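The values are calculated or read from the model by the stated rules, or taken from the named source; none is laboratory data. All values derive from a computational prediction rather than experimental measurement. Glycine also receives a Cβ, built like all others from the backbone with ideal geometry; neighbour counts cover every protein chain displayed. Only protein heavy atoms, including side chains, enter the accessible area calculation; ligands, DNA and RNA are left aside. Shrake-Rupley method; radii C 1.70, N 1.55, O 1.52, S 1.80 Å.
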Amino acid sequence: MSFTVKKHADVTILEVEGTLIVGNRQELKQKVLEELEAGTRKVLVDFEHTTYIDRSGLGVLVSLAKKIRELGGDLRLANLNDDLQTLFELTKLDTLFQISESRERALESF
């Protein structure tokens, strides 16, 4: 996995490329925590180039969503492929996260 951090107004965008799994989930968590410490309260994770997320990857997203909400912020997700969308629906995580089909729609929703 690799990721790129971008800014759009007051939203921090993390583009995740590859897979989000047990071996690399801490990298994503650490980067988001650093952004939160720097004052960011709106985070968008863009999964356009993500092919797979395992249980631990889902767990870190849930953990981050809780932390961001505690700080009065919001975490949004965008660009889930069909398999990832199905995963979020089967695990009922689509009720926890606001998921948009595009980055633009997600940015408009903040």
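Laid out as a table, the results:
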quantity	calculated
Residue match in the range 80-89 (condition: assigned to a strand (DSSP E or B) and crowded, with 16+ Cβ neighbours inside 10 Å)	no
Residue under evaluation N24, criteria (1) open to solvent by less than 40 Å² (accessible area, probe 1.4 Å); (2) at pLDDT 95 or above, criterion not met	(2)
Options V45, V62: the member that is assigned to a strand (DSSP E or B) and at negative phi	V45
Odd one out for T40, checked against (1) in contact with a strand residue (DSSP E or B) (Cβ under 9 Å, 6 or more places away or on another chain); (2) open to solvent by 60 Å² or more (accessible area, probe 1.4 Å)	(2)
Selection status of E15, open to solvent by 60 Å² or more (accessible area, probe 1.4 Å) and either free of Cβ contacts under 8 Å to residues at least 40 places away in the same chain or not acidic (D, E) (or both)	no
